[in-house]
Structure formats: C-alpha cells, structure tokens
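The values are calculated or read from the model by the stated rules, or taken from the named source; none is laboratory data. These figures come from a predicted structure and were not determined experimentally. Positions of Cβ are generated from backbone atoms using ideal geometry, with glycine treated the same way; all protein chains shown enter the neighbour counts. When the accessible area is computed, the model is the full protein with side chains, heavy atoms only, and any ligands, DNA or RNA have been set aside. Shrake-Rupley method; radii C 1.70, N 1.55, O 1.52, S 1.80 Å.
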Amino acid sequence: MAPDSRRVRGPEESQSPLLYVPCSEAVAEVPRAVFARAGLLSQASGSAYLEMGGTKVLCAVWGPRGAPGRCRLQCELRWAPFSRRGPRSSPRQAGLLLQESLEAAVRLERYPRAELAVWALVLEERGCGLPLAVSAASLALADAGIEMYDLAVGGGLSRGPGGQLQPDPLDTEEESGATVYLSLLPALNQVSGLVCSGEWEGDSAVEAIKLCMEGCQRLYPVLQQSLVKATKRKIPEPQSG
Amino acid sequence: MAAGFKTVEPLEYYRKFLKESCRPDGRELTQFRTTTINIGSITTADGSALAKLGNCTVICGIKAEFAAPLADTPSKGYIVPNVELTPLCSSRFRPGPPGEEAQMASQFIADVIDNSQMILKEDLCISSGKLVWVLYCDFICLDYDGNLLDTCVCALVAALRNVRLPAVKINEDTGLAEVNLKTTSPLKILKHPIATSFAVFDDTFLLVDPTGEEESLATGLLTIVMDEDERLCSIRKPGGSALSPEKLQECISRAITRHKEVQSLVNEVLESVKSEK
C-alpha cells in the first residue's frame, strides 16, 4: 500500500499498552447520570450534546438545503480515535442504523427536494454510544426547527453471562454479552429502530425490550427540558418600558 | 438596517468599524476572544484538552501506543498529529480523506512540535531498537469559527501536559513488555510553544485572532509561534499582503504577550484540576 501523503506519517503498526495489562471488572452505576444541552454550536443549524455516565456524544444538523429528488436524511456516526480505551478504533457503519431510527420521527414529506444532514461524533465511549447518538441526533433535529412527529429516544441493554439484564451497559459489559439497542418515539409509543445482537432466548428478549422502553421513557423528560432551555436562550429578553 | 448593509457590502461594513479602531464584535484590534481551556475531560484518552477561542472549538485527545522504532533512529519515538475538519464543525467541509486545510494544519502542528523541540523524541524510548512510544495526537474541530491554528496549538500544549504514561518494564526472560498502570509519569515537556494569528485588512490594519468571517475577508494571514524564552518556533505567512519589518516586529511583540496570557491560563487550569483530585 502506498503511504498516504495527506496525513502525517507514523509507524506502520502499533499496539495499545492495555493489551499487556490484566483486565479489571467494572460495574455500572444504575441509573447513570445524564446531561443534555441543545443549541451549543455556532455554525450548525441545530446541535446537541449528550453525556451519560462518561459516554459523550456531540451531534450537529445541517439543512434543510436544496437537493434533487425526495427528502433525504443523510446520517453519519463516528467514533473519535481517542474515544475507546485499548486499541484505536476505526469508525463502523453506524450511520445507517442512526438513519433508520430517525426516519420514522422526521416529517420528511414536509421537505420536498431538500436534504437534511446529521453528523454525530462519539467523543468518549463508555457503553451505549449508539443509542445516545440517536437521542442526541433527534434533539439536534428539533433544535434546528425541523418538523418531527416525536423525539426518537435511544436506549440500550445488555445480558450478562449469568442471564441478568443490565440497562445502560458499560463498554466492557457490551463486549461480554448479548445486547439490545432500541429507539422509541415515547409520545406515540412506537419503536422506530431495534438492533439485537448475541444470544437471546424466549422471554428474556421481550423482557429486555420492555426494560429498554422504560429507560427511554425516563430519558424523555430530560431531553424535553433541555429543548425548552435552548429555545428560551434563543428568544431575546422582552425589553421593559 | 445594519444587518442588510453587512450582507450586501461586508467589506465596507468592516471598514467603517476599522476606521474607529474596533471590530463588529466589540473587540479592539489587538484583543483576543475569550479563551477557555478544559483539561482531562476525555478519560479514555491518555491526555486530553478542549480549547475554545470564542466560538472556535477544538478537542485534542492523545493516545500512547507501543511501536518498533525506525532502523536509522533506534532510540526515537513518534509523535503523530492529525487534524480533522469534519462536516460537524462547518458546512464547508466534506466527509472522507482530509482536505487541504486539514492537511496544512496537521503538517503545521508537526512542524511546531519538531521546531520548538517541546518534547525530545529520545524521551519516548522504552528500549532502544526494540520498543518506543508513539503519541497519536488527534485534533477534532467541533465548531469552526476562524483561527484554527491558535486553538489547535493551545489544545496540544494543554493535552500534552495532561498525559500520564504507565510504567513499562521489559521482561528479561520473555522479552515482552510489562505494563504497570498504577505508577504513571508525566511527559517531559521542555518548551511550551503558543501560536498567535493575525489577519491583514486592506494591506494596513492588523487584526489579532480573526473570526471565520474576518479570515474570509482578509487580504493576508499570518501566524507566529513563540516559546517561553521569546524564541520563534515558526512563522506562517501564506501569500497575501506584504508586511513591513516594523509591522512584523509589532506582531512578534504581541505574540510574546499572548504567550504569557495562555501559559498562565493553562497553569491555572492544571492547578484547579489537581486540587479537584
């Protein structure tokens, strides 16, 4: 492979020092603390920042801007090179999952011949990066003033080796067991996206989805509050006299 | 009325302000925007910092990894800076491989690290000829509003001072590395280069810390990098208006005062991070 002249060159290959350290088990606090803020970037049409127990996601929305054909929702989700402990990760094809979860929430028919671009970046991954990106993206869309049916709220859950269900899992727990990611439109009580991986059997999957939906319902008011705050900041203070 | 004038005749709009020696955002010509630095916010990185100049925001995360040194420099480690300008920060940028501006910024940072000798690459050696540290310094622009280079250099210096490397021993029998995460040590940083950028307006006015708007209207740009001993590490002047030696000297003395401002800000933030622990 020819060297890429567009980047500063480093060594051909390198290893993370964590490969040489014995693993330590960490347990997530339940529930994990959440921080949400909308409308913080100056350039984008809409933006949101979400943090949940160490996982940090930033999302920007551009548009609607002119494009031929029906309205398209263009989504990209990336992980920062320093977002994980251990080996440097390369971005995965997560944009499609994000797009599928959001499409049901946005009133795309209101924007003919237009394009909406959603860019999400996971700055630090401590588990649940994908569902948090879904929540951040719908918050950013709402902040941009895009017409929506409802906010799509993401939730995650993992199943440990003993069969116990763990909502909002840590990255270490996600790796070790089966996981469910779900995105819910809470006001309509509709599921707009669902990704299951690993081994699930019979009732435990149904139970997991129910728990996930409950988690989403709990997150919903937090997102609503941050939107109200962002809108209040945008409206100038009424002038007295 | 003023907003309409600004959209139709942006340059005239600026000239009206410059005549009075001030700028549309209320700053004087030699005044920086509010600088904010947050150190150690990304715990998955070995060192991290977020720097903000007004709206312009850059986050720098440093990851340290093991690599084999090059054969001709067996005791030298690597420092690999990479600046990413994603569509997140401005609609000007497209996804995919780094564009021209990102390449320029990455190379500029690499040159600043080399020229200033802030870190000796020999200090990154674990075992000569076998194992060295490679520091991946990734800069991601979160909000693009002019003066990218100053913000990046600020973030770099702050993030490097936050780096803690674990102790490494080479096992004599197996030849493999043994990492001890409990004992960590900071990097040996010899110099603290700080960048100061200027925009030249109409070949005469010098504006320090230009915003995105000012950069696009300016007739020339200039970036000066200084270290604490008032030595020049780098000057970048990509074409544009010519500058007289007196003007350049003026810029250099402004860069010296700017260095003191940033240095004390970084120290202050580091102190507050320490006392929190």
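Remarks
- Residue-wise HN-Hα couplings along the range B:96-105, as the Karplus relation 6.51 cos²θ - 1.76 cosθ + 1.60 with θ = phi - 60° gives them from phi, are x, x, x, x, 4, 5, 5, 4, 4, 5 Hz; Gly and Pro carry x.
- Kirkwood estimate for the range B:49-96, i.e. one over the average of 1/r between Cα atoms, Å: 14.0
- Gaussian network model of chain A, Cα within-10 Å springs - most flexible of A:Leu141, A:Leu121, A:Leu188: A:Leu188
- Shape descriptor for the range B:55-139: Rg over Rh equals 1.06 (Cα atoms; Rh from the Kirkwood inverse mean 1/r).
- All alpha carbon pair distances within chain A were sorted into 10 Å bins beginning at 0; the resulting P(r) in whole percents reads 7, 29, 32, 20, 9, 1, 0, 0.
- Equivalent-ellipsoid semi-axes for the range B:96-208 (Cα gyration tensor, √(5λ), whole Å, largest first): 37, 15, 13.
- For the range B:30-87 and the range B:134-190, distance of Cα centres in Å: 8
- The 3J(HN,Hα) values that the Karplus relation (6.51, -1.76, 1.60; θ = phi - 60°) gives for the range A:184-201 are, in residue order, 10, 9, x, 5, 8, 6, 10, 8, 9, x, 8, 10, 10, 9, x, 9, 10, 9 Hz. Gly and Pro appear as x.
- Taking Cα atoms only, the orientation of helix B:148-162 departs from the longest principal axis of chain B by about 30 degrees.
- Residue of A:Val228, A:Val57, A:Val134 that the Gaussian network model of chain A assigns the largest fluctuation, springs spanning Cα pairs under 10 Å: A:Val228
- Burial annotation for the range B:48-86: residues with an accessible-area loss of at least 50 Å² between the isolated chain and the complete set of protein chains, computed on heavy atoms with a 1.4 Å probe, are B:Lys63, B:Glu65, B:Phe66.
- The mean sequence separation of alpha-carbon pairs under 8 Å and at least six residues apart, normalised by the residue count of the range B:29-276, gives a relative contact order of 21 percent.
- Placing one equal scatterer on every Cα of the protein assembly as shown and applying the Debye formula, the log10 ratio I(q)/I(0) at q = 0.06, 0.10, 0.12 Å⁻¹ is -0.32, -0.88, -1.21.
- Over all pairs of different C-alpha atoms in the range B:151-277, the reciprocal of the mean inverse distance, the Kirkwood hydrodynamic radius, equals 17.3 Å.
- Beyond 27 Å, the tail of the calculated P(r) for the range A:105-241 holds 29 percent of the Cα pairs.
- In the complete set of protein chains, residue-level accessible area for B:Arg236 is approximately 60 Å², probe 1.4 angstrom.
- CD proxy at 222 nm, helix term only [per DSSP H run n ≥ 4: -39500 (n - 2.57); per residue of the protein assembly as shown; nearest 500]: -9500 deg cm²/dmol
- Hull-based mean projected area of the range B:29-276, where the convex hull spans the alpha carbons, in square nanometres: 14.8
- Taking the Cα centre of the protein assembly as shown as origin and assigning +1 to Lys and Arg Cβ atoms and -1 to Asp and Glu Cβ atoms, the resulting dipole is close to 780 debye.
- Hits among lysines - C-alpha to C-alpha of B:Lys237 under 16 Å, sequence gap 8 or more where chains match: B:Lys247
- Listed residue (B:Asn82, B:Ala64, B:Thr219) projecting farthest to the positive dipole end of the range B:29-276, Cβ model: B:Ala64
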